[in-house]
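Taken together, the values in this text are just the output of simple stated rules run on the coordinates, not laboratory data. Because the structure is a prediction, the values reported are computed rather than measured. As a convention, Cβ positions derive from the backbone with ideal geometry for all residues, glycine included, and neighbour counts pool all protein chains shown.
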Amino acid sequence: MSRIFYLQASPRAEQSLSLALADSFLEAYRGLHPADTVTVRNVFQADLPPFDGAVLAAKYALLQGQPHTAAQAEAWKAVERIAAEFAAHDKFVIAAAMWNFSIPYRLKHYLDLLIQPGLTFRFSPASGYHGLVTGKPAFLALARGGEYPPGTQAEAFDFQSRYLKTVLGFIGFTRIETLTVEPTLGDPGLTARRLEEARARAAEIARSF
Ligand SMILES: Cc1cc2nc3c(=O)[nH]c(=O)nc-3n(C[C@H](O)[C@H](O)[C@H](O)COP(=O)(O)O)c2cc1C
């Protein structure tokens, strides 16, 4: 039995194309693995502590090899809880909108909390950076208003998939399956067709996830 972590990064509920695709993926997956559990977190509803003050000082203390003060240790617990919840899962599904060519700010906030030395990666001058979230697959369901096809000039504007793949790779992921629904602004018939194509491909990926 696997524990799935489903991270949602669109506030648009049933209007959201990225959530629609991720939901389809999970429906196909759960049909094959009915005993698996799914934890759902939407970053727009999650309680994400501000990353400043004592929390930020606690991160710098770790980076500089200094012990935490009592206030830093207390503030750091919120970060440890987020990393512990993430690490307690076996497989990851992330649905994300494209906002200004990148990811929504609430997902960036979540990732800023999650990606920490000693929790999701480690560093040593001798061996460099190593991700600590290893041997776990991720499925990314992305939606964009425009189109950013590989090999076109528009691809250079896609900091959404590139950023997510980079940071997930940084913390240890090696299997990252990505599907996009695009364009989602424009001809509704075209969007519907692209969603159906992505859903069919998602069902295939679900078989080996
Ligand atoms: C604040 C904001 C910024 C956006 N920026 C872009 C953008 O840079 N490029 C783009 O193609 N679409 C952009 N869009 C459109 C969304 O990517 C599109 O509506 C997509 O379907 C959102 O994902 P969702 O349907 O899962 O919410 C933006 C939408 C919002 C609300």
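Residue-wise test of (1) under 19 Å from Ser10 (Cα atoms); (2) in contact (Cβ under 8 Å) with a residue 24 or more places away in the chain.
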site: Thr120; (1), (2): no, yes
site: Ala126; (1), (2): no, no
site: Thr184; (1), (2): yes, yes
site: Glu204; (1), (2): no, no
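If you check Asp23 against the conditions, is it of a type outside the set (S, T, N, Q) and within 16 Å of the ligand (Cβ to nearest atom)? Write out each step before concluding.
Values: of a type outside the set (S, T, N, Q): yes; within 16 Å of the ligand (Cβ to nearest atom): yes.
Taking the combined requirement at face value, the residue satisfies it.
Are any residues in region 176-192 away from the ligand (no atom under 15 Å from the Cβ) and either surrounded by fewer than 12 Cβ atoms within 10 Å (Cβ to Cβ) or closer than 23 Å to Pro34 by Cβ (or both), and if so, which ones? Show your work before the answer.
If we filter region 176-192 for residues that are away from the ligand (no atom under 15 Å from the Cβ), which is where we start, we get 176-177, 189.
Hits for region 176-192 are Glu177, Gly189.
Residues that are of a type in the set (A, V, I, L, M, F, W, C), surrounded by 15 or more Cβ atoms within 10 Å (Cβ to Cβ) and away from the ligand (no atom under 16 Å from the Cβ): does region 135-147 have at least one?
Applying the first criterion (of a type in the set (A, V, I, L, M, F, W, C)) to region 135-147 yields 138-143.
Applying the additional criterion that residues be surrounded by 15 or more Cβ atoms within 10 Å (Cβ to Cβ) yields 138-143.
Restricting the remaining residues to those that are away from the ligand (no atom under 16 Å from the Cβ) gives 138.
Looking through region 135-147, at least one residue is of a type in the set (A, V, I, L, M, F, W, C), surrounded by 15 or more Cβ atoms within 10 Å (Cβ to Cβ) and away from the ligand (no atom under 16 Å from the Cβ).
Can you confirm whether Ala83 is away from the ligand (no atom under 16 Å from the Cβ) and part of a loop (DSSP other than H, G, I, E, B)?
Numbers: away from the ligand (no atom under 16 Å from the Cβ): yes; part of a loop (DSSP other than H, G, I, E, B): no.
Answer is no for this residue.
Out of the residues in region 1-20 that are among the small types (Gly, Ala, Ser) and within 15 Å of the ligand (Cβ to nearest atom), which is farthest from Ala141 (Cα to Cα)? Talk me through it step by step, then tell me what you get.
From region 1-20, those among the small types (Gly, Ala, Ser) are 2, 9-10, 13, 16, 18, 20; that's our starting set.
With within 15 Å of the ligand (Cβ to nearest atom) added as a condition, the list becomes 9-10, 13, 16, 18, 20.
Numbers: Ala9: 10, Ser10: 11, Ala13: 14, Ser16: 11, Ser18: 5, Ala20: 9 Å.
Of everything passing the filter in region 1-20, Ala13 is farthest from Ala141 (Cα to Cα).
In region 115-152, what residues are assigned to a strand (DSSP E or B) and either closer than 26 Å to Glu204 by Cβ or aromatic (Phe, Trp, Tyr) (or both)?
Of everything in region 115-152, those that are assigned to a strand (DSSP E or B) and either closer than 26 Å to Glu204 by Cβ or aromatic (Phe, Trp, Tyr) (or both) turn out to be Phe121, Phe123, Tyr129, Ala138, Phe139, Leu140, Ala141, Leu142, Ala143.
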